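Trainee: First, the structure itself, so that you have it in front of you.
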Amino acid sequence: MNVQDTGVELLRGAFEAAPDGMIVVDAEGRAVLWNQAFLAMWGLSEEVMRLPRPELRRQFAARLVRDPEAFLAEAEEVASAPGAVLHRLVELADGRTLEMHSRPIALGERRPGRIWYYRDVTELVQARRELEEASRLLEAQFEGSPFGIIVVGMDGRFLRASRRFFEMSGLDEAWTRLPVLERMAKLEGLARDVSAARAFNLRWRSAPDQSYAATFETWDGRFIRVTTQPLRDAAGAVLGQVFFYLDVTAEQRARMEVEAQEERLRRLVEGLDAGVIVVDRERRFPVANAAALEVLGITREQLGELRLDAETWQATREDGSPMPFEEFPAEQALQTGRAVHGVVMGVRRGDGSRRWLLVSASPLERAPGGEVETVVTTFYDITERRALEQAMARARHLESLAALSGGVAHRLNNQLTAVIGNAWLLSRGENLTPEQQESVAEIQAVARAAAQLVQDLRAYSAPAGGTGATADINRCVADALARFGPGERQRLSVTLAASLPAVAGQADGLAQAIAHLIENGLEASPGAVEVRTALIDAGALQPRRPHRWEPSEPPAGQYVAVLIEDGGEGMDADALARAFDPFFSTRFEGRGLGLPATLGIARRHGGFVGLESAPGRGTLGILLLPAAEA
């Protein structure tokens, strides 16, 4: 085989080994050369390829394509333009797609034939169609999204923006061609707070692999929420940033209105005189107004650490007995889902004192299943009102008792006058035996004691009012001291202030009042009792022990005062509260009329009586009298 033959064989081998289907035709269209790839691709046989007439071969092949007429028309086009170069896609009837290239074979000036190349591009075409479909879908989503979307590269270079972005921002296509910094400045300038918009841009540029979100108000009053997402390639590397713009004006204004309503409600609750507390299912207090904190004597931080339980609040019923936890109004509302109104209960404050509250509780929020989630509890501090009501009730009681005492004293006084007079006449008799004289003396002593009792009753029940007379308080003290024996006077330490103004009143009555205070001191303590007079300002008094005043707290001002202090056992709170009640006494043999009589005398003279006492710390009695007008 010569070199030429070898070359031809090599060319034939290469032609046959080519992956593309190939066919060479002469100038008359007769098939001269083809490879097996062409036959397999078209499904043609060697016999068809050797048909003498090219049009027969073309007609046979036309049956294999989807559009035979177009196929045959193309063949006619090639025949009429032998120098044309063709590149087209041929769709076969079985669904495959072939890519066709055709060009004339040139040998110098001659064109003795044409070569056709066919490649099966079915998968490539299908992939391209799917990609185009995906692109169309992406485009529809990009342009049909409610978001305005803009895509930029890592260097800030503009890549793409949706039509909605331009509508939302009011920018135009010319903006996309601006330099990066100028373009960013114009975009930031749309926000009312330009510095916040600039800071947002700096954040994503400093950490582009993160997502960010912020809401900006525009100069025309709209609110735009901006969200960013990093744009990544298949390996995850960040290529740029995608910005999503959403108009949330309606949502933001609704939120602002809700917040404004909540603020108005908060101010309303804070301005209420009533205490308001919300209790949740964990028995904690997420909400409380200032009035509630003031009544309970705790701070908001302290309330946050507390819970609704029996131990913390040590609640009592209206009658003073302990209130079980299940009777707490808030607990009842949580458990039953029903409102509870008008419960009077005592609770312990933060400083340990007790306040009386009028409490109501109602369910506030419920879970989807109907269970109560939170309860709003409202309460009023009725401590002072309760004390005033009790004081008024006591005043009415004492007023009735005073009227009764006055009537009894008047009747007894008439009867005692007869007893004392007749006893005196009996004592003057000459024929009385010693036993009879002793009996008469006993009658006289008992009658005098009864007369003193009547005098105290009359002093207690006497109405208030001026007497028209004046008295020297130091002389009244001296007259009171004269009523005690030498042994009792030795236990008295007396200090009388000089140059005291006179007081309006009757000396005998005032001496009687002072004597009762001294008598209480002597009976309360076996030791010394201090008696002193002074001119004092009631507003400057600073009690060192629990105290009380009758008939009321004295107003500030100058008073002539008599002070009697003992070192006895003192009184507890209950005894101090009842000390001025008629016939109340802590001593078995006491009459219980000394302090009530003193109160009646002080009231009649426009004065006040005070007691300051505590267990183990003795008692201080104070008689305050206004000075007589000069």
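The values are calculated or read from the model by the stated rules, or taken from the named source; none is laboratory data. Every value quoted in this text rests on a predicted model; they were computed, and no experiment measured them. In this analysis, Cβ positions are derived from the backbone assuming ideal geometry, glycine residues included, and neighbour counts consider all displayed protein chains. Just so you know, the surface numbers come from the protein's heavy atoms only, side chains and all, with ligands and any DNA or RNA stripped out. Shrake-Rupley method; radii C 1.70, N 1.55, O 1.52, S 1.80 Å.
Trainee: If you find the alpha carbon centre of region 497-517 and of region 72-90, how far apart are they in angstrom?
Mentor: One Cα centre to the other: 144 Å.
Trainee: Report the residues of region 326-352 in range of a label on GLN302: point 7 Å along Cα→C-beta, backbone N strictly under 16 Å from it.
Mentor: Output list for this probe position: 347-352.
Trainee: Can you give the three extents of the C-alpha atoms in the chain along their principal axes, from longest to shortest, in whole Å?
Mentor: For the chain, the Cα spread along each principal axis is 195, 50, 42 Å.
Trainee: Related question: Round to the nearest 0.05 the FRET efficiency obtained for GLU132 and ASP67 when R0 = 22 Å and r is the Cβ-Cβ distance. Could you put the intermediate results ahead of the total?
Mentor: Details: r = 21 Å, r/R0 = 0.95.
Approximately 0.60, to the nearest 0.05.
Trainee: Given the Cα-Cα distance of ARG428 and ARG205 and 0.36 nm per residue of separation, how much length would full extension add, in nm?
Mentor: 67.7 nm
Trainee: Here is a further query. In region 296-382, which GluC sites (Glu not before Pro) fall in coil by DSSP and have 13 or fewer other Cβ atoms within 10 Å? Write out the running numbers ahead of the final one.
Mentor: On the way: sites: GLU301, GLU305, GLU311, GLU318, GLU326, GLU327, GLU331, GLU365, GLU371, GLU373; in loops: GLU305, GLU318, GLU371.
In loop regions of region 296-382 (DSSP not H, G, I, E or B), the sparsely surrounded GluC sites (Glu not before Pro) are GLU305, GLU318, GLU371.
Trainee: Please list, by residue number, every one of the chymotrypsin sites (Phe, Trp or Tyr not before Pro) in region 154-231 that is coil in DSSP and has at most 11 other beta-carbon atoms within 10 Å.
Mentor: TRP219
Trainee: From a point 7 Å beyond the Cα of GLU139 in the direction of its Cβ, which residues of region 154-168 have a backbone N at a distance under 20 Å?
Mentor: What the label zone holds, given the 20 Å backbone N cut-off, is 159-167.
Trainee: Which percent of the accessible heavy-atom area of the chain goes to carbon and sulfur, probe 1.4 angstrom? Please list the in-between numbers first.
Mentor: Numbers: 19440 of 35720 Å².
The nonpolar share, carbon plus sulfur, comes to 54 percent.
Trainee: Helix-only estimate, please: 222 nm mean residue ellipticity of the chain, summing -39500 (n - 2.57) across DSSP H runs of length 4 or more and dividing by its residues, to the nearest 500.
Mentor: Value at 222 nm, helices only: -13500 deg cm²/dmol.
Trainee: From the square roots a ≥ b ≥ c of the eigenvalues of the alpha-carbon gyration tensor of region 299-351, which class results: rounded (a/c under 1.5), prolate (a/b over b/c), or oblate?
Mentor: Judged from the Cα gyration tensor, region 299-351 comes out oblate (a/c at least 1.5, b/c at or above a/b).
Trainee: Say the dipole of the chain comes from +1 at the beta carbon of Lys and Arg and -1 at that of Asp and Glu; which of GLY610, PRO82, PRO324 then lies farthest toward its positive end?
Mentor: About the Cα centre, the residue reaching furthest to the positive side is GLY610.
Trainee: Would you please give the FRET efficiency between THR470 and THR383, computed as 1/(1 + (r/R0)^6) with r the Cβ-Cβ distance and R0 = 45 Å, to the nearest 0.05?
Mentor: Once the sixth-power term is evaluated, E becomes 0.60.
Trainee: Sticking with this one: Quick query: amide H of VAL32 versus all other amide H atoms, modeled in the peptide plane; which residues come in under 5 Å with a sequence gap of 5 or more or a different chain?
Mentor: So VAL32 has HN proximity to VAL24, VAL25, ASP26.
Trainee: How large is the dipole of the chain about the Cα centre if only Lys and Arg carry +1 and Asp and Glu carry -1, each at its Cβ, rounded to the nearest 20 debye?
Mentor: 700
Trainee: Please sort by residue number the GluC sites (Glu not before Pro) in region 44-150 whose DSSP state is loop and whose Cβ has at most 16 other Cβ atoms within 10 Å.
Mentor: GLU109
Trainee: To the nearest 10 Å², what's MET22's accessible area with a 1.4 Å probe?
Mentor: Rounded to the nearest 10, the figure is 20 Å².
Trainee: May I pose another question? From the phi of every residue in region 262-278, what ³J(HN,Hα) in whole Hz does the Karplus formula 6.51 cos²θ - 1.76 cosθ + 1.60 yield, where θ is phi - 60° and glycine or proline is x?
Mentor: Computed from phi, the couplings for region 262-278 are 4, 5, 4, 5, 4, 5, 4, 5, 5, x, 6, 6, 6, x, 10, 9, 9 Hz.
Trainee: Could I ask something else about it? With r defined as the distance between the Cβ atoms of GLU76 and THR6 and R0 fixed at 25 Å, what FRET efficiency is calculated, to the nearest 0.05?
Mentor: So the FRET efficiency works out to roughly 0.05.
Trainee: Please compute the per residue accessible area over the chain with all protein chains in place, 1.4 Å probe, rounded to a whole number of Å².
Mentor: 57
Trainee: Mind giving me the nanometre distance, one decimal, between the label points for GLU123 and SER195, set 7 Å out from Cα along Cα→Cβ?
Mentor: Spacing of the two 7 Å Cα→Cβ label points: 6.1 nm.
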